[in-house]
Amino acid sequence: MDEDHWEITAGLAVFLDEAAAHIPAAQRSVLQVLKIGEEFGEAAQALIGVTGVNPRKGTSHTWDDVTAEICDVIVTSMVSLHRLGVPDPAGVFTEHLRRTAARTLSGRKD
């Protein structure tokens, strides 16, 4: 795919901000972060469904469902960085990812 993920999520953020213009910006930011939690819950539900551990529902999901829900968590998180007003979401994420990987891969515990 030639499109930039950050460009796409910026467009989604603009769309969502326009759709929620009646809600104060600070509340929109809080709600967007809560949306990450909602999407995580859906990923957890899909994982429970794929393993069939809920006796009432049995096997209700597939691994493709789990994958799709995890992707929703990632997209929602990316959109959140935009909607929180982070000036360079891609740069902030890239730097955070580098620091996290360096710390993890070096075995540090800080």
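The values are calculated or read from the model by the stated rules, or taken from the named source; none is laboratory data. These numbers come from a predicted model, not from an experiment. Because the Cβ atoms are built from the backbone with ideal geometry, glycine has one as well, and the counts that use them run over all protein chains shown.
Yes or no: region 59-73 includes at least one residue that is acidic (Asp, Glu), more than 24 Å from GLU42 (Cβ to Cβ) and not in a loop (DSSP other than H, G, I, E, B).
For region 59-73, residues acidic (Asp, Glu), more than 24 Å from GLU42 (Cβ to Cβ) and not in a loop (DSSP other than H, G, I, E, B): absent.
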- request: For residues that are closer than 29 Å to GLU3 by Cα, without any contact (Cβ under 8 Å) to a residue 40 or more places away in the chain and among the β-branched types (Val, Ile, Thr), tally how many sit in region 59-96.
  value: 9
query: Can you find even one residue in region 1-8 that is without any contact (Cβ under 8 Å) to a residue 60 or more places away in the chain, surrounded by 12 or more Cβ atoms within 10 Å (Cβ to Cβ) and not charged (D, E, K, R)?
result: yes
- prompt: Can you spot a residue in region 11-18 that is under 23 Å from ALA90 (Cβ atoms), without any contact (Cβ under 8 Å) to a residue 24 or more places away in the chain, of a type in the set (Phe, Trp, Tyr) and part of a helix (DSSP H, G or I)?
  reply: yes
- request: Within region 28-58, count every residue that is touching a Gly at 6+ places or on another chain (Cβ under 7 Å) and either surrounded by 12 or more Cβ atoms within 10 Å (Cβ to Cβ) or touching a residue at least 12 places away in the same chain (Cβ under 8 Å) (or both).
  value: 2
task: Please find, within region 23-71, the residue that is farthest from ARG83 (Cα to Cα) out of those that are basic (Lys, Arg) and modelled with pLDDT under 95.
output: ARG56
query: Does VAL50 satisfy the condition of being out of contact with any Cys (no Cβ under 7 Å at 6 or more places or on another chain), among the aliphatic types (A, V, I, L, M) and more than 27 Å from TRP6 (Cβ to Cβ)?
result: yes
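Output the residue which, of all residues in region 74-110 that are among the hydrophobic types (A, V, I, L, M, F, W, C) and not in a helix (DSSP H, G or I), is surrounded by the fewest Cβ atoms within 10 Å (Cβ to Cβ). First the steps, then the outcome.
Taking region 74-110 and keeping what is among the hydrophobic types (A, V, I, L, M, F, W, C), we get 74-75, 78-79, 81, 84, 86, 90, 92-93, 97, 101-102, 105.
So of that shortlist, the ones also not in a helix (DSSP H, G or I) come out as 84, 86.
On the way: LEU84: 16, VAL86: 13.
Out of the qualifying residues, it is VAL86.
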